[in-house]
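Visitor: Below are the structure tokens for one structure; questions will follow.
The values are calculated or read from the model by the stated rules, or taken from the named source; none is laboratory data. The structure displayed is predicted, hence computed values, not measured ones. Positions of Cβ are backbone-derived with ideal geometry, glycine not excepted, and every protein chain shown enters the neighbour counts.
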Amino acid sequence: MPTLSMFFGIIIRMYYAPQEHNPPHIHAYYQNYTTIIDLNDFSILEGKLPTKQLRLVLAWIEIHHEELLANWQLCQNGEKPFNIEPLK
């Protein structure tokens, strides 16, 4: 699972596998926490993050939403996703 971005100790990844299960989503990791976030409505599908880190991830998703959906399509086609700029 490639890493798309890293910021403030948070790692964002997306499975790189053709026909990955819908809905489009990312996996976010912070210390011992992990969560899966839906890219359509930004809801948490599974897991949890501390509130501060979740807010950072949601802000990052909003900023890079189009890039994330483009990466999802690449992964669906069996192509490698590209890195996305971290929050600064």
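Visitor: Which one is modelled with the lowest pLDDT among residues in region 53-76 that are more than 13 Å from Ala28 (Cα to Cα), out of contact with any Pro (no Cβ under 7 Å at 6 or more places or on another chain) and of a type outside the set (A, V, I, L, M, F, W, C)?
Guide: Gln73
Visitor: Scanning region 29-81 for residues that are touching a residue at least 40 places away in the same chain (Cβ under 8 Å) and over 11 Å from the mean Cα position of the chain (by Cα), which turns out nearest to Arg13 (Cα to Cα)?
Guide: Among those that are touching a residue at least 40 places away in the same chain (Cβ under 8 Å) and over 11 Å from the mean Cα position of the chain (by Cα), it is Pro81.
Visitor: Within region 21-32, is there a residue that is under 16 Å from Thr3 (Cβ atoms) and touching a Ser or Thr at 6+ places or on another chain (Cβ under 7 Å)?
Guide: Scanning region 21-32 turns up at least one residue that is under 16 Å from Thr3 (Cβ atoms) and touching a Ser or Thr at 6+ places or on another chain (Cβ under 7 Å).
Visitor: Go through Leu39, Leu49 for me and flag whichever is hydrophobic (A, V, I, L, M, F, W, C), touching a helix residue (DSSP H, G or I) at 6+ places or on another chain (Cβ under 7 Å), at pLDDT 95 or above and over 18 Å from Glu85 (Cβ atoms).
Guide: Checking each option against the conditions leaves just Leu49.
Yes/no per residue for (1) of a type in the set (A, V, I, L, M); (2) surrounded by 12 or more Cβ atoms within 10 Å (Cβ to Cβ); (3) at negative phi; (4) in contact with a Gly (Cβ under 8 Å, 6 or more places away or on another chain):
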{"position": "Ala28", "(1), (2), (3), (4)": "yes, yes, yes, no"}
{"position": "Asn32", "(1), (2), (3), (4)": "no, no, yes, no"}
{"position": "Leu39", "(1), (2), (3), (4)": "yes, yes, yes, no"}
{"position": "Leu68", "(1), (2), (3), (4)": "yes, yes, yes, no"}
{"position": "Gly78", "(1), (2), (3), (4)": "no, no, no, no"}
